[in-house]
Amino acid sequence: MPGRPPPAPWWRDAVVYQVYPRSFADTDGDGIGDLRGITSRLDYLAELGIDAIWIGPVFASPQVDHGYDVADYRAIDPLFGTLADMDELIAAAHARGIKVTLDFVPNHTSNQHAWFRAAVAAGRGSPERARYHFHDGRGPNGDEPPSNWMAVFGGPSWTRVTEPDGTPGQWYYHLFASEQPDLDWTCPEVLAEFIDVLRFWLDRGVDGFRIDVSDGLDKDHAYPDTPDGSPVIHKDAASPVHDVYRAFRRLFDEYPGDRMAVIETGADDETVALFLRPDEMPLAFNFRFVQAQFSAAGLREAIDDSLAANAGVGAPTTWVTDNHDTPRSVSRYGAAARIEGAYVPGTFHGDPTKGVDVVAGTRRARAMALLHLALPGAAYLYNGQELGLPNIDDLPDEALVDPVWERSGHTVRGRDGCRIPMPWSGEAPPFGFAPDGPAKTWLPQPARWAALSVAAETDDPASMLSLYREALRLRHAIPALGRGTLTWHASPADVLDLELSRDGETVRVVVNTRAVPVTLPGGDLLLASEPLDVDGCLPPAATAWVRQA
Ligand code: BGC
């Protein structure tokens, strides 16, 4: 039809559910989730009302960083199943109208990747070593690392190899663990290989990717020492990293169906916008909600900044409160309820066991869910968020498996507490996550999670799961939700009052972060995270959606 704009691509306002594969559903009884487990739970996801899933890395891997150390990008790790299982999962998801996106890890490989083994074997100056960052050490015998750069997981970011002749050799760079050597993206073979890997998965029908450490690819080849040991990584407009993403985009555009990628980046808003220019990537994670406390001023600033930053390049934003790298928001908001700053917000540092009030945190997380799912853009949810799972911070030391724990010399407990296997049903672990049997789940589930299982919450209209189901149903039915134009209304201090409108329909979203109730605007109450009080007011720590005529 002439004049009618093409339909917006699906990813602009999709609700994407992050599946952490180890922790979603285990069908083979080894205590670790698998692909067949994901397939077996697709009906649950369809009923929840999500549009797409992002599956964490399931590729062949020694699992040093739980799959973020990939040894073969075209193979499924037997821990998770087979390529045939993946094909079946993609087909079964598509049959339910659910898009499938995979994790893509281009910054580093595993040290067990064929390329890295070949690089170590081939020796100094070889083309095999040119694919990674190999460098001679400093000092008379090259005994000292090439620079003072430190690894994200703790310790130095250079590791020395033994040369094929048995002598102490060159050093290689790793932003994360020493088992995760960084690739050198100035080597043309690297881009060619990864384009081929993307093609491999696009040809199998995947709808997109989540790109790990996307802005880490352009390390300064002078490797200069820095005052605090942080690496020098270029991301500015002149950096060739943008050509990498242009090449990825051209590839996606060769395929039908609006294939996409969402990039993981910790860069500032302006830098992120560079990666979102029309010829680069469609979406970037926006971690402002991960860092924000439950306070009206902080949330408003996060929303305004996020929308403004992307407006210049025409890209939608994404909204994220939880993922596999961050303490779960129920506990973050619960910590904030009693002790400000018990967590270092947005990181996995800090001591979240201090004073966490899970009841207050859950209430705040309910209120946040209705803000999160109303805002314009893509919404990412992390498995278990819809159940209101708290972070588990009392895991015994011997249960901890995040590489951060070892590499930090047992000073940072790491991210295990947000990665506990999902409770599906029943009164005792493994709560339907795995077949009952002797095998232990890879991280222990707390016995108190019986009340938070999918089965328990399904039957409870007041549960977090029921709130998410209803919110997602409304989001699909009412175009203003998730897709509307946002306008702010004047509001009392500590209250957010915003309007979303589209196609002649308007929904007001009121978030009450203060300690006393607030009067709601007139209209039809669509949903509230807590029952209204006897005067019809919105109680503290609650959000309401009100449809206006
Ligand atoms: C992933 C982490 C992973 C790291 C190294 C991240 O940003 O989300 O889970 O440990 O990249 O690949």
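For region 180-211, how many residues meet the condition of being in contact with a strand residue (DSSP E or B) (Cβ under 7 Å, 6 or more places away or on another chain), of a type outside the set (Phe, Trp, Tyr) and either more than 15 Å from MET281 (Cα to Cα) or open to solvent by 10 Å² or more (accessible area, probe 1.4 Å) (or both)? Total satisfying the criteria: 9. If LEU251 satisfies all but one of (1) closer than 30 Å to VAL510 by Cα; (2) in contact (Cβ under 8 Å) with a residue 40 or more places away in the chain, what's the number of the condition it fails? The single condition LEU251 does not satisfy is (1).
Of all residues in region 504-524, those that are exposed (fewer than 15 other Cβ atoms within 10 Å of the Cβ) and assigned to a strand (DSSP E or B) total 1.
Within this structure, ALA284 fails the test of being crowded, with 22+ Cβ neighbours inside 10 Å, farther than 28 Å from GLY361 by Cα and touching a strand residue (DSSP E or B) at 6+ places or on another chain (Cβ under 9 Å).
Of all residues in region 105-131, count the ones that are open to solvent by less than 20 Å² (accessible area, probe 1.4 Å) and within 16 Å of the ligand (Cβ to nearest atom). Outline the logic, then answer.
Filtering region 105-131 for residues open to solvent by less than 20 Å² (accessible area, probe 1.4 Å) gives 105-110, 113, 116, 119, 123, 126, 129.
In the following step, the residues that additionally are within 16 Å of the ligand (Cβ to nearest atom) were identified as 105-110, 113, 116.
So the count comes out to 8.
Of everything listed in (1) farther than 29 Å from SER329 by Cβ; (2) modelled with pLDDT under 95; (3) touching a helix residue (DSSP H, G or I) at 6+ places or on another chain (Cβ under 9 Å), the single unmet condition for ASN286 is (1).
Remark: pairs (first residue in region 394-405, open to solvent by less than 60 Å² (accessible area, probe 1.4 Å); second residue among the charged types (D, E, K, R); Cβ separation under 7 Å; 6+ apart in sequence or on different chains) = LEU395/ASP416; LEU400/ARG413; LEU400/ASP416; ASP402/ARG415; ASP402/ASP416; PRO403/ASP65; VAL404/ARG415; TRP405/ARG413. Across region 433-480, the qualifying residues are those that are open to solvent by 60 Å² or more (accessible area, probe 1.4 Å) and part of a loop (DSSP other than H, G, I, E, B), and the one among them that is farthest from THR506 (Cα to Cα) is PRO438.
When the residues of region 406-432 are narrowed to those that are assigned to a helix (DSSP H, G or I) and open to solvent by less than 10 Å² (accessible area, probe 1.4 Å), which ends up farthest from the ligand (Cβ to nearest atom)? Quick ask: steps written out before the conclusion?
Start the filter on region 406-432 by keeping residues that are assigned to a helix (DSSP H, G or I), which leaves 406-407, 416-418.
Checking which are open to solvent by less than 10 Å² (accessible area, probe 1.4 Å) leaves us with 416-418.
Working: ASP416: 12, GLY417: 14, CYS418: 10 Å.
So the residue we want is GLY417.
Scanning region 173-201 for residues that are in contact (Cβ under 8 Å) with a residue 12 or more places away in the chain, over 19 Å from LEU83 (Cβ atoms) and away from the ligand (no atom under 16 Å from the Cβ) yields a count of 7.
Residues in region 152-179 that are crowded, with 21+ Cβ neighbours inside 10 Å and small (Gly, Ala, Ser): 2 in all. Identify, please: which residue in region 202-230 is touching a helix residue (DSSP H, G or I) at 6+ places or on another chain (Cβ under 9 Å) and within 17 Å of LYS99 (Cα to Cα) and is, among those, nearest to the ligand (Cβ to nearest atom)? This residue is ILE211.
The values are calculated or read from the model by the stated rules, or taken from the named source; none is laboratory data. If you're wondering where the values come from, they're calculated on a predicted model, not measured in any experiment. Positions of Cβ are backbone-derived with ideal geometry, glycine not excepted, and every protein chain shown enters the neighbour counts. Ligands, DNA and RNA are excluded from the accessible area calculation, which covers all protein heavy atoms including side chains. Shrake-Rupley method; radii C 1.70, N 1.55, O 1.52, S 1.80 Å.
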